[in-house]
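Everything on this sheet refers to the single structure shown next.
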Amino acid sequence: LICPLDLFGLALDRAKVQLWRRETLPLPLAYLDDRALIAALSHALDLAEKVASGVLAPATWRLAHLLLAPEAKTLNRQQKSDVSNLCNSLAPQGPYWAALETPFKNLLVELPSDKTTVDGVLTYGTTALDNWKDNIRNAARKAFRSATSSLDLSPRSLRALAEAENLFNHNLWSILGPLQKGEAQ
């Protein structure tokens, strides 16, 4: 049985509303009393967050650093500010999270029925979590490519992009593991 769950949120700056949002998610009632299912969903969300903070953010920072101050080993205050501003301008995290909206809703619905019992231990997500990893990987790649597609083709930009992509791929593999069979790069 699936029940619609309405969520509401506000982003405030002092007493001023900066953003409000309403979201409706399909909530299988199995989540209400199954700790193993909640743990599997929590793991899935943790993977998505780790990719945002441990893959997209460092690769974008590295790219901005190499574009703006390629010779600097450490950045001074102004350079850090400039790099941060460029990262905010590139902002691959927004498209990344947006791309995961529909796959997350699918995961939320599919996860309760994707269960396996081995030696009396119930496990969720044998197939659904692999699909979720594929969705995370594809969303991250697409978001990073989109954020970097407007770079010029100067040697400096190409070198910065190559190093940032190397970091991106290394960190992505560290979090999600190798590509699944048949998965696009």
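The values are calculated or read from the model by the stated rules, or taken from the named source; none is laboratory data. Keep in mind it's a predicted model, so treat the numbers as computed, not measured. Using ideal geometry, Cβ is built from the backbone for each residue, glycine included, and neighbour counts are taken over all protein chains shown. Ligands, DNA and RNA are stripped out before the accessible areas are found, and what is left, the full protein with its side chains, is counted by its heavy atoms. Shrake-Rupley method; radii C 1.70, N 1.55, O 1.52, S 1.80 Å.
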_Looking only at segment 12-71, and only at residues there that are touching a helix residue (DSSP H, G or I) at 6+ places or on another chain (Cβ under 7 Å) and in a loop (DSSP other than H, G, I, E, B), the one that is surrounded by the fewest Cβ atoms within 10 Å (Cβ to Cβ)_ = Pro70
*Tally of residues being open to solvent by less than 20 Å² (accessible area, probe 1.4 Å) and more than 22 Å from Asn106 (Cβ to Cβ) across segment 120-158*: 4
*Give the residues of segment 1-11 that are without any contact (Cβ under 8 Å) to a residue 12 or more places away in the chain and open to solvent by 100 Å² or more (accessible area, probe 1.4 Å), sorted by residue number.*
Leu10
*If you take the residues of segment 88-100 that are assigned to a helix (DSSP H, G or I) and among the hydrophobic types (A, V, I, L, M, F, W, C), which of them is least open to solvent (accessible area, probe 1.4 Å)?*
Leu90
_segment 101-140 - residue that is assigned to a helix (DSSP H, G or I) and of a type in the set (Val, Ile, Thr) and, of those, farthest from Glu23 (Cα to Cα)_ = Ile136
*Output the number of the condition that Asn76 fails; it satisfies all remaining conditions of (1) among the polar types (S, T, N, Q); (2) open to solvent by 70 Å² or more (accessible area, probe 1.4 Å); (3) under 27 Å from Arg145 (Cβ atoms).*
(3)
*Hey, Asp82 open to solvent by 10 Å² or more (accessible area, probe 1.4 Å), among the acidic types (Asp, Glu), under 19 Å from the mean Cα position of the chain (by Cα) and at negative phi or not*: no
*List pairs: first in segment 156-175 and under 15 Å from Thr60 (Cβ atoms), second crowded, with 17+ Cβ neighbours inside 10 Å and of a type in the set (S, T, N, Q), Cβ under 8 Å, 6+ apart or cross-chain?*
Leu161/Thr148; Ala164/Thr60; Ala164/Thr148
*Find all pairs meeting these conditions: Cβ atoms under 7 angstrom apart; at least six residues apart or on different chains; first residue within segment 62-88 and within 23 Å of Asn171 (Cα to Cα); second residue open to solvent by 40 Å² or more (accessible area, probe 1.4 Å) and among the polar types (S, T, N, Q).*
Leu68/Gln79; Ala69/Gln79; Ala72/Gln79
*asked:* Regarding segment 139-154, can at least one residue be identified that is in contact with a helix residue (DSSP H, G or I) (Cβ under 8 Å, 6 or more places away or on another chain) and under 30 Å from Leu1 (Cα atoms)?
replied: yes
